[in-house]
Structures are given as structure tokens and as C-alpha cells.
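To keep things clear, I will list the structure first and then write my remarks on it.
The values are calculated or read from the model by the stated rules, or taken from the named source; none is laboratory data. What you see is a predicted model; the values in this text were computed from it and never measured. As a convention, Cβ positions derive from the backbone with ideal geometry for all residues, glycine included, and neighbour counts pool all protein chains shown. Heads up: the accessible areas ignore ligands, DNA and RNA and are worked out on the full protein's heavy atoms, side chains in. Shrake-Rupley method; radii C 1.70, N 1.55, O 1.52, S 1.80 Å.
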Amino acid sequence: MSSNLSEFEQIKLASRFLRGNIVDSLADPVTGAVSDADAGLLKFHGGYLQDDRDLREERRQQKLEPAHAFMLRARLPGGVVTPAQWLEFDRLAREFADGSLRITSRQTLQWHGILKNRLKPTIAAIHHALVTTMAACGDVVRTVVCTANPVESATHGLVYAWAERLSRHLTPHTRAYHEIWLDGEKRVGEVESEPLYGAHYLPRKFKIGLAIPPLNDIDVLSQDLGLIAIIERGVLIGFNVAVGGGMGVTHNDPSTYPRLARVIGFVGVDDVLTLAEVMVGVQRDWGDRADRRHARLRYTIERRGLQVFQDELEQRLGYTLAVERPYRFEHNGDRYGWIEGHDGLWHLTLHIAAGRLTDVDGQRTLSGLRELARVHQGDFRLTCNHNVIVANVAAENRTVIDAIVRNHGLDGYLRQSGVRRHALACVALPTCGLAMAEAERYLPTILTRLEDRLAHHGLLDTPILLRISGCPNGCSRPYLAEIALVGRGPGRYDLRLGADFRGQRLNRLYRQNIDEQTVLDVLDPLLGRYAIERNEDEGFGDFLIRNDLIESGVATASVQVRDA
Ligand code: SRM
Ligand code: SF4
């Protein structure tokens, strides 16, 4: 690793604990943007500078600056939202943003299209709803995710509580957020510090997730630190510790790769906060601060070696991790429909296509959730598969909920094909500055065309895991899909095949840089064989691997993989 600090490391160091010149940038009336340095720092406050890429060329020709607006992301550990919060978030979506809410693949909410002068009132309103956007993005521990239905048993509730505590424990201490967005007083003369993060924070984002087997709806092995709950005789005794997962890749750069986290041991419940804090400290000290492409924990581990990393971790902890406990995952999708919890309350999982709640193009999902929030007395739980659970419903209130769901077309999951129910697509165009191809907007089209082929083979009801991302950063975790399309350019994708439906095997590159027709033509014979030759309950990915059908169609794989 070079000892040079990357440009962004220097910006962070000079930022006075994430203040930079954000206040001046916000006040600048000449542009709808903020300076590059402040745009980087703004991420720590939960905001991304974006522009409408559909309008870029037109505005360039008119010699106008891009149509800038901001995306805001909430930090919602475990994805829990009360009805009152939902109503406020919905209001903000309609009054300050683009009229939609977006559930993310890390079970939180985003608002797109917020103009610069509306950022501050929006953040303040989110704060007054007792939620923060602080550390939803940036080089810190992000929103801690957790298996999304933690109310089926009392133990599930405990795991959610750990997600919440981890998130709180690992939130930055800086007062910058209060000063900039909430008109908090500047503390004159007081020396500020970040005991965990230090003045330049982490080399890169750090993701933590807690899974409760047999559900792996959070894709625990894609996390930097994955914690697998071990429940024995109904008691949560601790967590298996998995380290170094991650998805983001750069096309044609084999030094970047997706990697599954590896389980290195077991930790008792009382030690989990310290374990996470100490591990974040090792990554803070050892992570690559010269090259952001190699700065995530997985590269630190690969560079130093897993055993050296574990030795350092245990030396700082002052004890050796116990041997991992047995666990088994069955599925990484969501379970749609009503489920009864341990206390007699009910939970309804609804499918939200690509996580977008909106009232345009004949959809009424935004107003449907608003109506639900008006009558619902429990809470909402967002899932890492872009869905929402109407949770903690008394049996006698189910009829009212069902009627609202039906009236707003939120009951689609009852009729959808197996592939549509489980599909994920990242945001991509028009807001994501890194998108190379469509994802969210393309999902309905490719699904309909794929469904034609599936119907032909009698596979319409078979669950198949399709994930699309507009670039190789992998925000929909495409490397864990049975079928993945990873964007390369307009209308062109890498086709990857062969992950399992449990989030425990990465897929492989099958064809590179192909168009939709080729995707469908290439898949068709494989689906045909799957329909006829599969074993009972065998997933598409497992079938392809068992029959050795994924011989890469390209000379060199653009993306290497590191399996666990
Ligand atoms: Fe992501 C960057 C959207 C989950 C890997 N991600 C981005 C940005 C912020 C683009 C940017 O940097 O300018 C995207 C904003 C698009 C927009 O307009 O909203 C973006 N990522 C998303 C979301 C909204 C996708 C979605 O469809 O839900 C997800 C928000 C999660 C959240 O609430 O925090 C989202 N991103 C993920 C995941 C999945 C996960 O964490 O489970 C991954 C893969 C796991 C991982 O981190 O390895 C992911 N996003 C990335 C990367 C690649 C990181 C890397 O280490 O290589 C980038 C690019 C970067 O950070 O430089 C990125
Ligand atoms: Fe944007 Fe790429 Fe992430 Fe999709 S995968 S949201 S295109 S960064």
C-alpha cells in the first residue's frame, strides 16, 4: 500500500470533523450544486449530489448546468418505521422531493430530487421525526441491517435490538450535523474528537448485517461484518462472525472482485458491541487510504491474510474467538403474505417493484402506504429485498389492511410469477451518477420478456432469483443472483449465472456485454433443460452448477470472484 493519502482522505482530514465548507456551498445562489469536496463530505450527512441524466445532453446544448438535485438517505437500523414517521416521510416525498419514496437494498428509505435550498428543511423534518440521515452514507459504519421480520419470536426481537445498539454505538460523534442542519450551537473552545473514527474516518464504507437463520434475507455474507444469530433452545446465545464480504467491482479491473464473507468464529451476545468496534478499529488502521478501489475490508483481509487479520483482532480484543456454531440458511428472499407472530400479532409482507413507491404511471403504491399508515397501529419494516412488511397487526385489523392493499394494487404478489416476486434492480438511471445502463426502469420490460420464455417452459411459478444492476458496483447484490445482468453500456449487460437462492455462492460470468435479445436467447436453452432435468426443489443456479453448464462464453472473466 502506498503511504500517500488519496485526495479524499486529505479532504476528510481538513474537514474539521465533516464540516468542510458545506454551509457556504449551500448558500451559494449561483449553482444548484455544491463543491466537489463538499459533495464528498455531504455523503456523511446522508446526502448525494446528483443530476437528472435524462436531461444532461439537452441542458449541455443549452449551455445550462446539469439539473442538479440531491438524494437523501435515512439511517434506519433494522428498517423499522412507525406510522407517524411514515406519514412525515411521505409528506416530504411529495413536498420536497420528486414525489416518490425509494426503499433501498439496505432496508432504509431514500428521497430523490431534493433541490439545494430544500435540503436543510428536509433533514430537519426527518430529525424531528426522530430519524437521522447522519452516517447513512460516507466512510463510516452504515445503516446496520437485520433480518426483516424480527417479531416472529421474542428472540428475533432481541436480534433487532442488537442491530439498533450496534448502529447507535458506531455512529460518529461530530456535532457538525447539528450545527449545519439543525442550527445547533457551535461549541466554542471545546475540543472535538471522534474516539472510534479519528479525524479522517474510515478508509471506506463499512457494512454490518445480522441474519437470523434459516433466513438470509440480508445476504449476510455480502457484509463487511456479518453476524449470524445462533439461537439454542429458544435463547439467543451469540453470533457467528463472518468478515470481508463485498460486491463492488470495476469492469476490466481484475484487482477488484466480489467476495463472500468468511466465518471466523463465534462471539457471545455480551461481546458483540466490542467485537464490532474493535474490528472497525483494525480496518481504520489497516485499510488502504491511498486507493479507494482497494479500501474496503475485504481487500485489507486479502492483502494481510485472513489469519493475520484474525490474530490482530483477537490480540486487540484480548481473547480468542470461539469455534463457529452450526447454522443453516434456506433462503435469501422475503416471505410474502400474512404470517402470525409468536404473540398472536400478524405481519404482512408486500412486494414493491424495485422498492419504488410512487403514484405515477397508473401506480398507487405511495398513496397505498400512506393510507395504511393512517390506520395502522403497529409499525412498518423495510426489507433488504426492497419490500415492506406491515408488522404487528391485531387479527381484527387484518380486514381493513387487506382492503387498502387491494384498493391500491399492493396485492400483486398474489399473482406474480416466481421470477418477478424475487427480482431486484438497483436505482441506476436517471439519478445515479455511476449508472452505465438502466436497471430499475428496465426491470418491468425484461421481466415481461423473460416471463414469456418461462411460461413456454412451464416455469412461470418457479422462484428464480434475477438481479439487475446498472453498473458493476452491485447495489442490488447481483453477484448473489441465479441470473444477473450487470450494466456495461446503454442496453448492454454482462450475464452472470449460478448463485444459489441462499446467498452462499457467488455466480459466474457467462456472457459479456450482450444485448437483451442475446440474453434471452442464451437463457432459453438453459431454462429448457432446467424445466425437464431438474431435481425436485432444485434451484436454477444449483441446477446449472450440478450439471456444469456455466462454461464462461468469454476468454477472460472481467470479474473474478472470491467464494467463501
Ligand atoms: Fe450502492 C454507490 C445506490 C446498496 C455498492 N449506491 C451508490 C450510489 C450512491 C452512487 C454514487 O456513489 O454516486 C447509488 C445512488 C443511486 C441513487 O440514485 O439512489 C447507490 N446502493 C444504492 C441503493 C439505493 C440501491 C438500491 O437499489 O437500493 C442501495 C442503498 C443502500 C443503503 O440504504 O445504504 C445500495 N450499494 C448497495 C449494496 C448492497 C448492500 O449493501 O447490501 C452494495 C454492494 C455491497 C457492497 O457494498 O459491497 C453497494 N454502491 C456500491 C458501491 C461499490 C462499493 C465498493 O466497495 O466497491 C458504490 C460505489 C462507491 O461506493 O464508490 C455504490
Ligand atoms: Fe448506481 Fe451502479 Fe449502484 Fe446501480 S449498481 S445504483 S448503477 S452505483
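A few points about this structure:
- Overall form of the chain per C-alpha gyration tensor (a/c, 1.5; a/b vs b/c): rounded
- Global geometry of segment 330-449, whether rounded, prolate or oblate, following the gyration tensor of its Cα atoms and the 1.5 cut on a/c: prolate
- Coil-residue trypsin sites (Lys or Arg not before Pro) of segment 37-128, DSSP, other Cβ within 10 Å capped at 13: Lys63
- The H on the amide N of Gly238, modeled in the peptide plane, is under 5 Å from the matching H of Ile230, Val269, each at least 5 residues off or on a different chain.
- Unit charges on C-beta of K, R, D, E only; dipole of segment 105-213, Debye: 340
- Computed log₁₀ I(q)/I(0) - Debye formula, equal Cα scatterers, no solvent, segment 1-142, q 0.19 Å⁻¹: -1.16
- Shape category assigned to segment 174-268 from the gyration tensor of Cα positions, a/c cut at 1.5: oblate
- Applying 1/(1 + (r/R0)^6) with R0 = 30 Å to the Cβ-Cβ distance of Asn513 and Glu7 gives a FRET efficiency near 0.45.
- Largest accessible area first, the residues Asp270, Asp542 order themselves as Asp270, Asp542 under a 1.4 Å probe with ligands, DNA and RNA left out.
- With protein chains left intact and a 1.4 Å probe, residues in segment 327-467 average 40 Å² of accessible area per residue.
- Based on protein heavy atoms only, segment 1-107 ends up with 46 Å² per residue of surface accessible to a 1.4 Å probe.
- Taking label positions 7 Å along the Cα-Cβ direction at both Ala14 and Asp291, the computed distance is 2.5 nm, reported to one decimal.
- Around the Cα centre of segment 185-300, unit charges on the Cβ atoms of Lys, Arg, Asp and Glu (plus for the first two, minus for the last two) sum to a dipole of about 420 debye.
- Of all DSSP beta bridges in segment 421-538, antiparallel share, percent nearest 5: 60
- In this Cβ point-charge picture (+1 for Lys and Arg, -1 for Asp and Glu), the chain has a dipole of about 640 debye about its Cα centre.
- Given their separation in residues at 0.36 nm each and the Cα-Cα distance between them, Thr82 and Ile237 gain 52.9 nm when the chain is fully extended.
- For the chain: lysine pairs under 21 Å (alpha-carbon distance), excluding those fewer than 8 apart on one chain: 10
- R0 of 22 Å, Cβ-Cβ distance Glu340-Arg374: FRET efficiency to nearest 0.05: 0.35
- Only one residue of Ile103, Ile212, Gly539 has its Cα farthest out toward the positive end of the dipole of the chain, where Lys and Arg carry +1 and Asp and Glu -1 on Cβ, and that residue is Ile103.
- Furthest towards positive pole of dipole, Leu410, His422, Leu450, structure part segment 369-499, Cβ charges: Leu450
- Portion, in percent, of the accessible area of the chain that falls on carbon or sulfur, probe 1.4 Å: 49
- Taken as Cα centroids, segment 337-379 and segment 194-271 sit 29 Å apart, rounded to the nearest whole angstrom.
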